[in-house]
1. Can you tell me which residues in region 92-131 are on the phi > 0 side of the Ramachandran plot and surrounded by fewer than 17 Cβ atoms within 10 Å (Cβ to Cβ)?
2. Determine which single condition GLN330 fails, assuming it passes every other condition in (1) more than 30 Å from THR227 (Cα to Cα); (2) in contact with a helix residue (DSSP H, G or I) (Cβ under 8 Å, 6 or more places away or on another chain); (3) without any contact (Cβ under 8 Å) to a residue 40 or more places away in the chain.
3. Looking only at residues in region 462-486 that are more than 16 Å from GLU450 (Cα to Cα) and buried (at least 16 other Cβ atoms within 10 Å of the Cβ), which one is nearest to ligand 1 (Cβ to nearest atom)?
4. Scanning for something buried (at least 16 other Cβ atoms within 10 Å of the Cβ) and farther than 27 Å from ASP452 by Cβ, does region 673-680 turn up at least one residue?
5. Quick check on my filter: what residues within region 71-106 are out of contact with any Leu (no Cβ under 6 Å at 6 or more places or on another chain), farther than 17 Å from ALA334 by Cβ and in a helix (DSSP H, G or I)?
6. Has region 205-219 got at least one residue that is of a type outside the set (A, V, I, L, M) and either touching a Phe, Trp or Tyr at 6+ places or on another chain (Cβ under 7 Å) or near ligand 1 (Cβ under 10 Å from one of its atoms) (or both)?
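The values are calculated or read from the model by the stated rules, or taken from the named source; none is laboratory data. Quick caveat: nothing in here was measured; it's all calculated off a predicted structure. FYI the Cβ positions are ideal-geometry reconstructions off the backbone, even for glycines, and counts take in every protein chain you see.
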Amino acid sequence: MPAESEPRVWGEGELVSVLVPRPIGTLDYLVSQGVVTGSVVEVPLANSREIGVVWGPGQGGVERSRLRKINRVLDVAPLNRPMRHFLERAGAYTVTPLPIMLRLATRVPGIGDGMPVRTLFHPTGTEPAKMTPARRNVLEQFEQRGGMPATMSELIELSGAGAGVVRGLVKLGVLAQEKRPRDITYPRLDPDRPGFELTPEQRAVADNLRQGVASGIYHCTLLKGVTGSGKTEVYLEAVAECLRTDRQVLVLLPEIALTAEFIQRIEDRFGGRPGEWHSGITGTERKRLWRAAGEGKVGLVVGARSALFLPFRNLGLIIVDEENDGSYKQEEGALYNARDMAVLRASLGAARAVLVSATPSLESWHNVRTGKYSRLNLPTRIGAAELPEIMAIDLREARLDSGRWISGALAHAMRETRGNGHQSLLFLNRRGYAPLTVCRECGEQIGCSECDTRMVEHRFARRLMCHLCGRTTPIPENCPACGADGGLRTVGPGVERLADEARELFPDSRIEILSSDFSGNVAEFRQRLEIVRRGGTDIIIGTQIIAKGHNFPRLGLVGAVDADLSLHGSDLRAAERTFQLMTQVAGRAGRADLGRRGIAMLQTWQPDHPVIQAILAGNDEEFWEAEAAERQIAGAPPFGRYAGIILSGNSVSMVEEFGREMVRRCEPLRRIGAQIFGPAPAPVAKLRGRFRFRILVKAEREAPLQAALLRWKSQFRIPGSIRIVIDIDPQSFM
Ligand code: ADP
Ligand code: ZN
């Protein structure tokens, strides 16, 4: 490929190959008006049209008379070489066909239609032959606006007249209308506004990051710092440096809810709002940001994992905040880990990558140890705030009544915290009211009809809900199996039930539940967070949504109601996840200077479990060493490489038989020394009505696993009723 500074230009009548987001991949087309490699074009495809990207010279082999012409070149920046290269490499790594990668990058409604226009009306100066009160009302609005043009809806709202009146005035030539694009640009961020006065420790780290950005060569750094050490403050210095050199910055955050607080912080620091990219923005904003990223007209983008596929013109820095967060792994469609892909993208574009965490993933920790990444540390909290004191509460000794989950010791600490005027947080990673509904008569556990899982009661919504497929049903009066009347019993706590218990214990306290069940309204959730932050709540009851990044300045106590929850199960990362989650949650306590040290209490049935012990001791290096040693013995990631193969279909026997056939003919995998296990029914054996089996492939880290998987898969004719998904580096083993 030629260097980007001299992009390959094609003129009319030349042949190019165009990548389209269809299984067919690339197709040859004749150029009708000049294009370059990366030009976004509309091409005819069968009887329809498709948006594609010029990928290179035509492959030829098709009679010229049968070739079709490119319809038009869209008025957007071409995908540059690092971007195209990134799509190819990310696709190869994740075994995802290139057309699907392209879809990730161009999944914006009406990409080439330009920005939406709006129609504005203004008076021409002509008087209507017949003046009615309604017409006068409309015309008077313009006088009051000093002659400024207005939209139809403004006129209707201000004058009280109907749309017909306005249109009538246009017909009479009294009003003129014109279309104007909604052209809102992103503000220039000012990197030179002063931030906080950094501590010497922070300054050293910030200087290091800044020099890295200025160097203009790729490198990945792990920034590890305890919660409240000023990691964000420090990496904003690197952001400032990147903006100064006129390159773009991408900050990835794991939760949208997190962005509101973060956006405000950006505004305070740089005097303007960044581009925002997540599921809560409108299609128009999406299109605007996509275009601006390509044209280099937005300096800083803050977004969820899919922001990685924005067509940045000149990306100089990618920050992955809370890099260990599980939500960076996209679990549907193209399965990619945004953290790893961020590093790949940076490396292909001579950009810096900074992975940020208080509790890094074992992968990143290992990459530091092998010298692939470097590491910077912020070991102390800012100001007078100390790390919280962490203690275990032995549930074997707490002797809780059935249906009770808050131990006496925890309740006592909550009372004291309230007395000090501080907030308590009860952490339980379970949405809804109760995870299980059973019939006392026949023992039936109410499950989802489409999935192999139990329905979760959501008392507030008065529904049972499947947390896998989202299906809901009314809460039944009678057992659906035996019909017994009134025999259904809820078992175990969810946050809603815990809130009931807290209300009983603390009738005068203001209690707020924060979980992802916020009816999809991001704005409302942000508002509730803000109320909590301002101290409008005494007791917060939350799922893992609150474990990340939020600053609750008045939080004195954290109680983990069930610290063992994520320890159960055979998940490869159970220990790692528990360690990270509990350390993060505990770190919420005592962040600002409350005048006393924060407290974290972990309720556990296994206070002697090595993971619980490691959390209590706060000795993370020792924990990583032990965890790494175990994984090394098992040949598990990050020492070996895993691929999960998930087969699903409507017929159990057919899926299982096909899985067996795949395992029988695994020669291409054997040849690279890989081991193959299964097929076994997946832990979630049924999902959305489809039966699921898993095959696990284990290979050595440097083995050419992806190529072998492709060779292996290509041996089979896969029936239309069976779906096969390849998950490289699986996070979830469901
Ligand atoms: P982390 O990302 O490590 O949790 P933050 O960057 O969010 O830490 O900092 C924690 C709090 O301390 C924030 O409210 C931040 O504004 C404040 N802070 C950080 N560094 C400084 C500093 N040098 N001087 C004053 N306040 C600071
Ligand atoms: Zn379901």
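1. GLY110, GLY114, GLY125
2. Unmet for GLN330, out of (1) more than 30 Å from THR227 (Cα to Cα); (2) in contact with a helix residue (DSSP H, G or I) (Cβ under 8 Å, 6 or more places away or on another chain); (3) without any contact (Cβ under 8 Å) to a residue 40 or more places away in the chain: (1).
3. ARG463
4. yes
5. Residue satisfying the conditions is ARG81 alone.
6. no
Every residue, every condition in (1) farther than 25 Å from LEU425 by Cα; (2) within 16 Å of ligand 1 (Cβ to nearest atom), yes or no:
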position	(1), (2)
GLY349	yes, no
ALA353	yes, no
SER357	no, yes
ASN367	yes, no
GLY371	yes, no
LEU378	yes, yes
ILE382	no, yes
GLU389	no, no
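For (1) over 28 Å from LEU565 (Cβ atoms); (2) part of a loop (DSSP other than H, G, I, E, B); (3) in contact with a Ser or Thr (Cβ under 9 Å, 6 or more places away or on another chain), each residue gets a yes or a no:
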position	(1), (2), (3)
ARG631	no, no, no
SER648	no, no, no
LEU669	yes, no, no
PRO681	no, no, no
VAL697	yes, no, no
ALA703	yes, yes, no
